[in-house]
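A.B. asks: Pasting a structure here, questions to come.
Bear in mind that the values in this text are calculations on the coordinates, not laboratory data. These numbers come from a predicted model, not from an experiment. Cβ coordinates were reconstructed from backbone atoms using ideal geometry, including for glycine residues, and neighbour counts include every protein chain displayed.
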Amino acid sequence: MTTDPKTASVGQDRVRIDGPLKVTGTAPYAFEQPTENPAYLFPLTSTITRGKIRAIDASAARALSGVLEVLTHENAPKLLAKTDTELYILQSRDVHYFGENIGAVVAETQEIARHAASLVRVEYDTEQEDTRFRPEHPERYNPGKINTGIPADSKQGNVEQGLAEAAVTVDEVYATPYEHHNPMEMHSVIAEWDRERLDGVLGVLGERPHLRIHDASQGVSYERLMLLPLLGLLPQQVEISSPYVGGAFGSKGIPHAQVMLTVLAARLMPGRAVKYMLSRQQMFRSVGHRLTTHQRFRLGAAADGTLTAITHDVQQSSSRLKQFAEQTVNATRHLYAAPHRETSTRMVPLDIGPATFMRAPGEFPGMFAQETAMDELAVKLGLDPIELRLRNKPDTDPESGKPHSSHHLGECLKEGARLFGWEKRQAQPRARQEGEWLCGMGVAAATYPRQMTPPTKASVAFREGKYHVGIAAADLGTGAWTVLTQIAADALKVPEEDVVLHIGHTDLPLAFLAGGSTGTYNWGSAVMVAAVNFRDRYGLTPAEGDEAEGSAFFPDEAKKYMLDAYGAHFAEVKVSTVTGEVHVTRLLGVYDPGRIINPRTANSQFIGGMTMGISAALHEESYLDSRPGYGHVVNSDFAGYHIAANADVPDVQARWIEHPDPMFGPTGAKGIGEIGIVGVPAAIGNAIYNATGKRLRELPFTPAKLVE
Amino acid sequence: MKPFDFQRAGTVSDALAQFAPGSAYLAGGTNLVDHLRAGIREVDGLVDISRLDLTEIAELPGGGLRVGALVKNSDMAAHPLLRERYPALAEAILAGASGQIRNMATTGGNLLQRTRCVYFYDPATPCNKREPGSGCSAIGGFGKYNALFGASEHCVTVHPSDMCVALALLDAVVVAESEAGGRRIPFADFHRLPGDTPHLDTNLRPGELITAVELPAVPVAAQSTYRKARERTSYAFALVSVAAALRTEGENVAEVRLACGGVAHRPWRAHRAEAYLTGKPATAEHFRAAIEAELEEAQSGTENAFKVPLLRNMVVSVLEELRDGRTPQRRAEQGGAA
Ligand SMILES: Cc1cc2nc3c(=O)[nH]c(=O)nc-3n(C[C@H](O)[C@H](O)[C@H](O)COP(=O)(O)OP(=O)(O)OC[C@H]3O[C@@H](n4cnc5c(N)ncnc54)[C@H](O)[C@@H]3O)c2cc1C
């Protein structure tokens, strides 16, 4: 990226453009979008886990003053194509999981809707249910392909031979629990069907009917693409906006049932906007979760630490309604060299709601297993865990043999060790005690791949002396508003004040969603190409109304390389010998993130990920009560589901080693939204081992597991 | 949430008169409003008592304090005399909830806050406390918070309050008013064990209004402390907590009081442990033997078994700390984290 020193914005510390709006409470989130005379929705949700609705008696609800409509499968508009089982709701009597949306009450106020919903009586015919996750489930299956399109299984060499040749082996089982995203902003939808443009015939080309949606969405373009076939509409008939999103972590990546529920309810009252915001408890039911895993991990190494074999066999939960096959084995295929390697993925089908992306799906659970196993191996070998990792750094990608576009894991580990004071660590567990507290240090590597990026475009238009840059991107609190403005300013060679960014609307050029840590390099690339096209066409003195588009560009040679970001996490903990309470006294992350567009927002992304890592390590667990008749997560509020708070994160710091990587596209950035969480629980668990001599292989590390 | 009437009381007698069957008093609202919203409690009317003139902390003759029912938890914890005479109480309050919630929460409301058992909060599941006769889901379910002492086949939950553990330590007295007149309820008779009526948390009668809590003079409480173990550093309910006061004479225990939280349906005064320890040498062995004596009554399942070593360790540690005068050190280390 060429930058003019006079206007260079990329790389500068910039406060968030949306900051003032956020702190003054004036950024309009989905639920706050102005609407005239809206109606409010409260859902009817199933209180059984599996079966059929026999009867719904909504007479008491309908009789209540202020109730406008009761939506059930009996009066729901028909959906056209069953392209997504999660969104194909209210089309039958079937109940697939506890808390599934089976209808809704729409009323003049939120309170009336909620009260009316409590008056609706539903009778069910229940069927035998199964929500108990167990690795040996009789119906567990091989999904063939897992998310990101890679094969579920992989095999190179002969692992039994590799393990037989090994001087030292590790063979352990690691487990991660269900988790829920818990963004601060609850999922919210406003849907309105235009009364004037309603009387067309469904499925016939044209302008009608017309649907407007305000959603909290990680990407309105792909959300719309998912809704269209179900609704039988054309793109120009559906408009979605989502300018501000108050956290998402993957839970707003693709639309969930509540969007369709609101759209269907609104269809029954054209011309009236219907609003719905989930309650915290409802968030624990039907907008996705992180699946639970059971992972057997085996390592074999020669006496000098060189790996001879790696195996990783994963069983993970799945919804019978819709599969979500997390790529838990992915990092295992690429991080360390070993001649013999095997991975496998099996899904355990259950009567639960669909899982979805949650910050670093795949890498997060998988690297907990891998990086804990590596620590166990280091202990058995009597080798420093950093040294063990350095000795097994691959020269080329172990699976494909491709060279890396850039690979700075070793630098991250070494620089981190220096900054953290790793040399003060005692290899022997229980060697450091302060009062009742046992102290220890741990390390784990981090890696996050370059994900696929479906087509993404951007536009630049010159109006009233400003460059209006448009792209249907999303800012989830990540800083996208700010960094895209910086990228645009440099690409257009103008000061940031001359750029007006427009994001979060389907009228803007199509963009892939905020996911897979792709936002900055993918949207950034489209913005740069649009800017170059604009300048090519109109020069430095454009006329009013001049406009150009561009599509995200990535170099063809990128295919010849393995593209990944790397990092290393260092944790210091103290563990109470009285209570088993764990405090993470220090956490450091050192990253290899390519180019950093804005150090302030980048730092926030890193320490945000690390904080979520501490939270996952110490606190987060959705307890699914799998007894017949229960079948749902029972700790579904903040008293029962703990998330790290300020006192849990006293000292969390991020550093980076900046090597721009052009193979990731013209921004040179690698994506930083997720790598901050990867490996953090392993680093903390390894530190707990170093402190106490106790090895924990199941998240989270609660006092119950440590007190003795 | 069912629609309800709302009235605001100006005086205690107003409040008593406004109360009707199906009503509830509304103080800080930090517990009650949650219950209404979660659909686990329905009321016909709310009588807002938050404006009543019960916000004073006054000295009692003989060295005690009288804390008005509407004193905010934060004000109570900050009161200089209370901190001096009953440090365990101030610490217990500060160990609970968050600064914001303590600014709303009141003395009376804290006493009457209800269990945090996840099933109590989940209207889709059986819970005898919420819906008498429906069953107890916590037995055989999510059980890690379950009680060690005094549970029944109808309810195995624990009392969530931190403050009440310290009040049990101090033998506080609850002062209540009703149309029939006032009465004083010793703290030991205030909260109940579940038995076959787990829907009743306390012996307060319907419509009775708490006006104050009296703290008697308890000289030993000047050397008292509160320790809480929890699943995150701040803002979480206790897994187990311990309030203790100790006075030694020479090598021996002259006077000891011990109360535990997170282990029973009510704050658990450890009378057996106290009886064992009085007059014994103030050593870790005897501290341990004392809590073992208490634990003879304990019953745990697999998921809450960890509470046994946790309670044992905490009691020994807290008593050692009081014996050695090391309490301020731990307070500092904890950084006053709520
Ligand atoms: C997120 C969260 C975390 C918390 N964490 C903790 C914790 O860690 N430790 C802890 O101890 N507590 C904790 N709490 C609970 C908190 O202490 C209580 O909610 C609070 O003390 C209740 O006081 P209130 O005045 O708000 O009561 P309200 O909600 O107003 O009332 C509670 C009950 O008491 C009744 N009532 C109130 N005053 C009177 C009176 N004078 N006479 C008769 N009846 C009365 C009401 O009718 C109602 O039934 C937490 C609460 C929340 C919301």
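A.B. asks: Starting from segment A:405-464, pick out the GluC sites (Glu not before Pro) whose DSSP state is loop and whose Cβ has at most 14 other Cβ atoms within 10 Å. The partial results should precede the final answer.
C.D. replies: Numbers: sites: A:E411, A:E415, A:E423, A:E434, A:E436, A:E464; in loops: A:E436, A:E464.
Listed in order of number, the matching sites are A:E464.
A.B. asks: What FRET efficiency comes out for the pair B:S134/B:L193, r = Cβ-Cβ distance, R0 = 25 Å, nearest 0.05?
C.D. replies: Numbers: r = 19 Å, r/R0 = 0.78.
The value I calculate is 0.80.
A.B. asks: Turning to a different aspect of this structure: Can you give the local net charge around A:K22? Use residues other than it whose beta-carbon is closer than 13 angstrom to its beta-carbon, Lys and Arg +1, Asp and Glu -1.
C.D. replies: Numbers: positive: A:R16; negative: A:D18, A:E32, A:E185, A:D475.
Charge balance near A:K22 sits at -3.
A.B. asks: While we're on this one: Ranked highest first by the average count of other Cβ atoms within 10 Å around their residues, in what order do B:277-284, A:451-458 fall? Before the final figure, lay out the partial values.
C.D. replies: Details: B:277-284: 16.0, A:451-458: 20.1.
Result, highest mean Cβ count within 10 Å first: A:451-458, B:277-284.
A.B. asks: While we're here: Which helices, counted as full DSSP H runs in chain A, have an axial Cα extent of no less than 20 Å and a Kyte-Doolittle average of -1.0 or above?
C.D. replies: On the way: long enough: A:363-381 (26 Å, 0.13); A:519-538 (27 Å, -0.13); A:599-618 (28 Å, 0.37).
Result, helices passing both filters: A:363-381, A:519-538, A:599-618.
A.B. asks: Another one. For the Cα atoms of chain B, what angle does the longest principal axis make with the long axis of helix B:307-324, in degrees from 0 to 90, nearest 10?
C.D. replies: 60
A.B. asks: Identify the GluC sites (Glu not before Pro) of segment B:252-308 meeting these criteria: DSSP loop state and at most 12 other C-beta atoms within 10 Å of the C-beta.
C.D. replies: Values: sites: B:E255, B:E274, B:E285, B:E292, B:E294, B:E296, B:E297, B:E303; in loops: B:E296, B:E297, B:E303.
Answer in residue order: B:E296.
A.B. asks: A further question follows. Other chains near A:632-642: what is the mean number of their Cβ atoms within 10 Å of each residue's Cβ? Before the final figure, lay out each step's value.
C.D. replies: Working: counts 3, 3, 11, 6, 3, 6, 2, 8, 9, 1, 6.
For peptide A:632-642, the averaged partner shielding equals 5.
A.B. asks: How much of the DSSP beta bridge set in the protein assembly as shown is antiparallel, as a percent to the nearest 5? Don't skip to the end; give the middle numbers.
C.D. replies: Numbers: 135 of 172 bridges.
Around 80 percent antiparallel, to the nearest 5.
A.B. asks: For A:K380, go through the lysines and keep the ones whose alpha-carbon is under 17 Å away, minus same-chain ones fewer than eight residues off.
C.D. replies: By straight Cα distance, A:K380 reaches A:K694.
A.B. asks: Counting only helical runs of four or more DSSP H residues, what would the 222 nm mean residue ellipticity of chain A come to if each run contributes -39,500 (n - 2.57) and the total is spread over all its residues?
C.D. replies: Working: 15 runs with 165 residues, N = 708.
Value at 222 nm, helices only: -7000 deg cm²/dmol.
A.B. asks: Quick one: 3J(HN,Hα) in Hz for segment A:41-51, Karplus 6.51/-1.76/1.60 with θ = phi - 60°, rounded, Gly and Pro as x.
C.D. replies: 10, 10, x, 9, 10, 5, 10, 10, 9, 7, x
A.B. asks: Only counting other Cβ atoms within 10 Å, I'd like A:H181, A:H659, A:H214 sorted with the fewest neighbours first.
C.D. replies: Details: A:H181 23, A:H659 16, A:H214 28.
In order of increasing Cβ crowding within 10 Å: A:H659, A:H181, A:H214.
A.B. asks: Separate question: Could you check the simple spin-label distance between A:A81 and B:E333, using points 7 Å along Cα→Cβ, in nm with one decimal?
C.D. replies: 6.4
A.B. asks: Give the distance, in whole Å, between the Cα centre of segment B:101-123 and the Cα centre of segment B:259-338.
C.D. replies: Answer, in whole Å: 24.
A.B. asks: Quick check: pseudo-label points 7 Å beyond the Cα along Cα→Cβ at B:E153 and A:N158, how many nm apart are they?
C.D. replies: 6.2
A.B. asks: Positive end of the dipole of the protein assembly as shown, charges at C-beta (+1 Lys, Arg; -1 Asp, Glu), about the Cα centre: which of B:T283, A:V578, A:M612 has its Cα farthest in that direction?
C.D. replies: B:T283
A.B. asks: What is the protein assembly as shown by shape, rounded, prolate or oblate, if you read a ≥ b ≥ c off the alpha carbon gyration tensor as root eigenvalues and call it rounded for a/c under 1.5, prolate for a/b larger than b/c, and oblate otherwise?
C.D. replies: oblate
A.B. asks: Peptide A:644-651: average number of partner chain Cβ atoms within 10 Å per residue? Please report the intermediate quantities before stating the final value.
C.D. replies: On the way: counts 2, 8, 4, 9, 5, 1, 3, 0.
So the per-residue partner count for this stretch is 4.
A.B. asks: Kindly identify chain B as rounded, prolate or oblate by the Cα gyration tensor criterion: order the square roots of the eigenvalues as a ≥ b ≥ c, call it rounded if a/c is under 1.5, otherwise compare a/b with b/c, prolate if a/b is larger, else oblate.
C.D. replies: Note, shape of chain B comes out oblate.
A.B. asks: Can I ask one more? With runs of 4+ DSSP H residues as the only contributors, calculate the mean residue ellipticity of chain B at 222 nm using -39,500 (n - 2.57) per run, divided by the residue total and rounded to the nearest 500. Don't skip to the answer; put the middle values down first.
C.D. replies: Values: 12 runs with 97 residues, N = 338.
After summing the helix terms and dividing by the residues of chain B, the value is -7500 deg cm²/dmol.
A.B. asks: While we're looking at this one, here's another question. Averaged over its residues, how many other protein chain Cβ atoms are within 10 Å of peptide B:225-236's Cβ atoms?
C.D. replies: Partner-chain Cβ atoms within 10 Å, mean over residues of B:225-236: 6.
A.B. asks: Follow-up question, since we're still on this one. Loop-only check: which GluC sites (Glu not before Pro) in segment A:66-162 are DSSP coil with at most 14 other Cβ within 10 angstrom? Let's see the in-between values first.
C.D. replies: Numbers: sites: A:E69, A:E74, A:E86, A:E100, A:E108, A:E111, A:E123, A:E127, A:E129, A:E136, A:E139, A:E160; in loops: A:E74, A:E86, A:E100, A:E108, A:E127, A:E129, A:E136, A:E139.
Hits after loop and neighbour filter: A:E74, A:E127, A:E136, A:E139.
A.B. asks: Classify segment B:220-333 as rounded, prolate or oblate from the Cα gyration tensor: take a ≥ b ≥ c as the square roots of its eigenvalues, call it rounded if a/c is under 1.5, otherwise prolate when a/b beats b/c and oblate if not.
C.D. replies: Working: a/c = 1.99, a/b = 1.26, b/c = 1.58.
Note, shape of segment B:220-333 comes out oblate.
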